[in-house]
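Take a look at the structure below.
The values are calculated or read from the model by the stated rules, or taken from the named source; none is laboratory data. Just so you know, these numbers come straight off a predicted model, no measurement behind them. With ideal geometry, Cβ positions are generated from the backbone for all residues, glycine too; neighbour counts draw on all protein chains shown.
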Amino acid sequence: MLFNSEVFILLFLPVTLGVYYALAARVELRLWALVIASLIFYSYWDIRFLPVLLGSTIGNWLIAQAFVRMRRFDWLPLAGVLFNVGVIALFKYADFITGSLAAIGAWKYEPLGIILPLGISFFTFQHISYLMDLRRAAAKGETVVAHGLRDYTLFVAFFPHLISGPIVRHNEIIGQFHFDPLRNGLAERMSKGGVMFLVGLSKKLLIADAAARIGTPLFTRVLDGGALNLGEAWLAAHAYMLQLYFDFSGYSDMAIGMALMFGFAIPFNFDRPHMATAIQDFWRRWHMTLSRFLMDYVYIPLGGNRGGVWLQARNVFLTMLIGGLWHGANWTFVVWGAMHGAGVAANMLWRRAGLSMPPLLGWVCMTLFVGATWILFRTESFAATWSIYASLIGQNGLGGAEIGGAVNYLVLVGGTIAALSGPASQTAILMRLRPWRPVGLFAGAMAVFLILLIGGGLQSEFIYFQF
Amino acid sequence: MNSSISNSDSNAAPGGPGEWRRFARWFFGGGLGLGGFIALWIIIVDPFDTLFFSPPLDRVPIATNARFSFPALARSNKFDSAIIGTSTGRLLRPEMLDRLFAARFVNLAMNSATAYEQYRILELFARQHPSAKTLVMGIDVVWCETGATFEKYTPRPFPEWMYDSNAFNDVLHHYNLYTIEQAGRQFATMTGMRRLKYGRDGYTSFLPDAAGYDLAKVQKSFVTVRGNEAQRPKTPPGFDPATLNFPTHFMLRDGLKALPGAAKKIIFFAPYHVAQHPVAGTLKAAEWAECKARVTAIAGQVPNAITLDFMINSPFTTTDSNYWDVLHYTLAAADALMGDLALGANGGSSENFTVPKPPPAPDSDQQ
């Protein structure tokens with residue numbers, strides 16, 4: 001069930017919150033209730049996905065239990081990581097791998113047609129981070145305690161972050177499960193969480209979906225073999241940048257807001273990425289929990305910055321390459337990751353060489369680079385991407401674009417201003433929001449308006465669900 | 001900036017617990033109050049007359065999209081007979097058909113309706129009227145398109161939930177801006193602040209004011225259409241019409257069979273102006289001929305069904321002044337058409353229609 005659906009907002013979320021707080025005094029019951037609600041949420045998409053989630057969760061939990069009991073087998077967490085990589089390889093990459101081998105004549109290609117379980121890329125990363133953290137803690141001689149099955153399942157499957165993150169570490173959230181939900185600050189947490197959810201919902205409905213209605217017909221035309229003129233290509237690129245940013249950051253805001261309504265703090269995912277003045281800076285602000293995961297569990301194990309500048313550049317490149325492949329089983333994502341790997345490595349080398357760039361020029365370079373790579377990300381087609389690149393420099397004809405009605409202008413201008421000058425949602429709400437009652441009343445009215453808007457059939461899936 | 005939300009109250013923005021409680025009351029209470037008021041308004045007004053628990057008020061068809069307005073009419077026990085079709089059936093007046101057929105007609109023909117949409121409203125009417133008396137069904141181009149698949153919908157929204165047999169799920173679909181707008185219109189109409197725009201029996205003339213009718217302009221458009229028809233591809237050598245697939249025909253058969261056997265079923269091919277008729281020798285002409293034969297065969301499998309073909313070269317279809325355009329006839333022509341429908345249904349004959357005979361073996365609607 002989508003966060004931006006009436007059944008979720010009017011039924012699932014209030015009922016789950018109600019049951020959770022009704023059982024506030026009984027920690028066992030309230031946490032099991034949350035586990036069950038999360039599994040219902042997941043099953044609502046497709047009951048066939050549930051065994052994958054439960055199987056991988058129980059499998060990882062057993063590995064962790066075995067490791068804690070038999071510390072001398074320090075290969076167990078690594079075996080667990082391989083198990084996770086195997087699961088995701090089977091469900092996400094099997095057809096990609098066999099198809100690629102077939103393309104070079106090394107394999108007879110028969111598509112397996114395996115359905116990709118929702119959220120597998122996200123919950124698999126959480127399993128991996130847990131096992132690796134256990135192994136690192138053990139290696140440092142720290143006390144290693146494996147969590148119980150209920151807490152571990154809730155850590156992995158907690159519905160706000162289950163499908164598209166933020167990617168949470170076990171030590172960031174499991175301890176909070178045992179905090180009293182009715183502790184001081186309940187009204188503040190509920191209010192700020194609710195407003196954060198609304199801000200995310202507004203980003204999704206009012207900007208991301210509206211930008212999609214502007215850009216999608218243009219991308220579809222190119223994917224169908226047509227071409228864009230200069231103005232249309234820039235409009236498509238701009239609309240997609242807005243769509244992706246407000247779609248994914250909107251989802252993250254909703255997840256963070258809902259978690260807070262249950263009394264849990266989870267990590268932020270975005271910090272005004274379009275204000276970044278360098279590509280490295282961009283990745284510190286965009287999908288921050290993925291960047292953190294890749295840094296901790298890929299980049300550092302590869303050697304990090306140990307071994308000199310060129311090895312560091314190699315490690316940066318390989319990390320981003322893996323990050324690209326994580327986004328999708330397609331060579332376009334590999335190339336997309338390689339482009340970003342090359343960009344981040346070049347940025348790092350530039351900085352290490354002591355060179356500098358005026359911030360405005362840096363922002364222009366970053367924006368053009370990121371925007372260009374998003375086109376490959378969006379089309380998943382080298383031919384279509386190449387065609388749009390040609391259009392962006394006027395190779396497919398000059399001319400303007402038909403933007404549409406006043407609402408489209410408002411979305412493009414308003415979205416751009418918000419992306420370039422607005423505060424991060426977490427800053428605006430968690431730090432600056434004051435308990436001013438008219439704001440509360442406005443937020444309540446806004447909630448009603450957005451629900452009515454959803455009821456009109458405008459809801460669409462979040463882009464990152466496909467990963 | 002911290003990378004996550006602090007759980008500590010020490011980092012919270014200024015404002016004591018009491019202030020935040022008041023804020024929460026205004027936020028959640030205000031939202032619930034406003035949302036609840038709107039829900040109550042929608043339930044009481046019930047603009048589409050589909051909520052089984054709404055108060056029994058005198059509601060009228062209100063939505064300009066007939067797909068929302070007509071399910072309530074299809075369910076109404078005020079009627080025992082229905083007109084199904086597209087805009088080529090919209091101008092048939094129930095009040096006149098009532099007299100001709102001694103029945104109580106409702107016009108459920110919807111502008112630009114796909115075959116699927118017509119099937120859904122017919123099925124709904126049949127389900128709600130186990131003693132239905134008469135069906136008048138117009139067959140036009142949407143029933144004669146060939147290919148492997150068919151389009152279920154037009155760009156206009158189609159509320160499937162209004163057409164199913166589950167009365168409980170309707171409430172889930174009412175909470176939106178469109179329903180609020182329609183509730184406003186319904187309320188204004190009920191209280192006399194707004195003029196009734198759509199007939200209580202589903203009939204509404206969509207034609208412009210007759211004062212603006214310009215025969216010369218209409219005839220000019222016929223020339224263009226006739227030219228287009230003449231340029232259609234010719235039937236290829238060795239073409240076998242038996243290989244044509246009409247993907248919507250199973251719905252026509254199922255829809256007709258959903259009606260009681262005793263109900264009179266009059267299936268008529270719409271009287272397009274002769275300029276719109278396919279030219280002999282074209283593939284289109286072969287497809288239409290085969291479509292007519294298949295539809296007639298389907299009707300032959302259903303008790304009390306008769307097929308009347310008005311899509312022929314006749315005084316009706318060759319009189320230019322009968323039309324606003326090649327598809328849509330005038331109100332006077334509609335009266336003549338209704339007279340012919342009654343005549344044909346009662347075994348009479350006219351130059352304006354033929355009565356195709358179904359094949360002896362009722363097994364020919366190939367899919």
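Which of the residues spanning the range B:104-132 are in contact with an Asp or Glu (Cβ under 8 Å, 6 or more places away or on another chain) and assigned to a loop (DSSP other than H, G, I, E, B)? Result: B:104, B:110, B:114, B:129, B:131, B:132. Here is the figure for the range A:134-152: residues that are in contact (Cβ under 8 Å) with a residue 12 or more places away in the chain, surrounded by fewer than 18 Cβ atoms within 10 Å (Cβ to Cβ) and under 16 Å from residue A:173 (Cα atoms) total 3.
Residue B:179 meets all of the listed conditions (1) polar (S, T, N, Q); (2) touching a helix residue (DSSP H, G or I) at 6+ places or on another chain (Cβ under 7 Å); (3) more than 19 Å from residue B:111 (Cα to Cα); (4) away from every other protein chain (no Cβ under 14 Å) but one, namely (4). Hey, among the residues in the range B:70-95 that are in a loop (DSSP other than H, G, I, E, B) and of a type in the set (D, E, K, R), which one's farthest from residue B:128 (Cα to Cα)? Checking each candidate, the answer is B:93. Within the range A:286-311, the set of residues being farther than 30 Å from residue A:265 by Cβ and touching a residue at least 40 places away in the same chain (Cβ under 8 Å) comprises A:309 only.
Only one entry of B:148, B:115 meets the criterion of being more than 26 Å from residue B:332 (Cα to Cα), of a type outside the set (S, T, N, Q) and in contact with a His (Cβ under 9 Å, 6 or more places away or on another chain), and that entry is B:115.
Within the range A:46-69, is there a residue that is under 26 Å from residue A:256 (Cβ atoms), assigned to a loop (DSSP other than H, G, I, E, B), under 21 Å from the mean Cα position of the chain (by Cα) and not polar (S, T, N, Q)? So far as the range A:46-69 goes, yes, one or more of its residues are under 26 Å from residue A:256 (Cβ atoms), assigned to a loop (DSSP other than H, G, I, E, B), under 21 Å from the mean Cα position of the chain (by Cα) and not polar (S, T, N, Q).
Select from the range B:234-283 the residues that are among the polar types (S, T, N, Q) and in a loop (DSSP other than H, G, I, E, B) and write down the one among them that is farthest from the chain's Cα centre (by Cα). Across the range B:234-283, the extreme among qualifying residues is B:235.
Looking at the range A:146-190, which of its residues are within 14 Å of another protein chain (Cβ to nearest Cβ), among the polar types (S, T, N, Q) and part of a loop (DSSP other than H, G, I, E, B)? A:184, the sole residue that qualifies. Candidates B:31, B:36, B:15: the one that is modelled with pLDDT of 95 or more and within 7 Å of chain A (Cβ to nearest Cβ) is B:31. Take the conditions (1) surrounded by fewer than 24 Cβ atoms within 10 Å (Cβ to Cβ); (2) at pLDDT 95 or above; (3) more than 14 Å from chain A (Cβ to nearest Cβ); residue B:71 misses just one of them, which is (1).
Selection over the range A:3-23 of residues that are under 20 Å from residue B:169 (Cα atoms) and small (Gly, Ala, Ser) gives a count of 1.
Cβ-Cβ contacts under 6 Å between residues 6 or more apart (or on different chains), taken from a first residue in the range A:32-60 that is buried (at least 16 other Cβ atoms within 10 Å of the Cβ) to a second residue that is of a type in the set (Val, Ile, Thr), are listed as A:33/A:19; A:35/A:153; A:37/A:16; A:56/A:87; A:57/A:153; A:57/A:156. Looking only at the range A:422-442, filter to residues that are outside any helix (DSSP H, G or I) and over 11 Å from residue A:268 (Cβ atoms); which one of those is farthest from the chain's Cα centre (by Cα)? Among those that are outside any helix (DSSP H, G or I) and over 11 Å from residue A:268 (Cβ atoms), it is A:436. Answer yes if at least one residue in the range A:406-421 is part of a loop (DSSP other than H, G, I, E, B) and either away from every other protein chain (no Cβ under 14 Å) or within 28 Å of residue A:13 (Cα to Cα) (or both), and no otherwise. The answer is no; no qualifying residue exists. One residue stands out in the range A:110-145 among those that are of a type in the set (D, E, K, R) and assigned to a helix (DSSP H, G or I): the one that is farthest from residue A:57 (Cα to Cα), namely A:136.
Scanning the range A:300-320 for residues that are within 23 Å of the chain's Cα centre (by Cα) and either over 22 Å from residue A:332 (Cα atoms) or aliphatic (A, V, I, L, M) (or both) returns A:300, A:301, A:316, A:318, A:320.
Of the residues making up the range A:254-275, those that are assigned to a loop (DSSP other than H, G, I, E, B), over 21 Å from residue A:187 (Cβ atoms) and either within 7 Å of chain B (Cβ to nearest Cβ) or under 13 Å from the mean Cα position of the chain (by Cα) (or both) are A:268, A:269, A:270, A:271. When the test is whether a residue is polar (S, T, N, Q), within 16 Å of residue A:239 (Cβ to Cβ) and surrounded by 13 or more Cβ atoms within 10 Å (Cβ to Cβ), residue A:391 passes it. For the range A:325-355, the set of residues classified as of a type in the set (S, T, N, Q), in contact (Cβ under 8 Å) with a residue 60 or more places away in the chain, surrounded by fewer than 21 Cβ atoms within 10 Å (Cβ to Cβ) and in a helix (DSSP H, G or I) is empty.
For the range A:218-230, the count of residues that are away from chain B (no Cβ under 14 Å), closer than 23 Å to residue A:403 by Cβ, of a type in the set (D, E, K, R) and assigned to a loop (DSSP other than H, G, I, E, B) is at least one.
Residue B:285 passes every criterion in (1) more than 22 Å from residue B:84 (Cα to Cα); (2) touching a strand residue (DSSP E or B) at 6+ places or on another chain (Cβ under 9 Å); (3) not hydroxyl-bearing (Ser, Thr, Tyr) apart from (2). Considering the conditions (1) in contact (Cβ under 8 Å) with a residue 12 or more places away in the chain; (2) out of contact with any Leu (no Cβ under 9 Å at 6 or more places or on another chain); (3) closer than 28 Å to residue A:266 by Cα; (4) not basic (Lys, Arg), residue A:111 is excluded by exactly one of them, (3). Across the range B:233-271, the number of residues qualifying as of a type in the set (Ser, Thr, Tyr) and either surrounded by fewer than 19 Cβ atoms within 10 Å (Cβ to Cβ) or within 18 Å of residue B:81 (Cα to Cα) (or both) comes to 2.
Looking only at residues in the range A:433-457 that are surrounded by fewer than 18 Cβ atoms within 10 Å (Cβ to Cβ) and modelled with pLDDT under 90, the one that is nearest to the other protein chains (Cβ to nearest Cβ) is A:456.
Kindly indicate the residue of the range A:6-31 that is crowded, with 19+ Cβ neighbours inside 10 Å and among the β-branched types (Val, Ile, Thr) and also modelled with the highest pLDDT among those meeting that condition. Step by step, filter the range A:6-31, then rank; the result is A:16.
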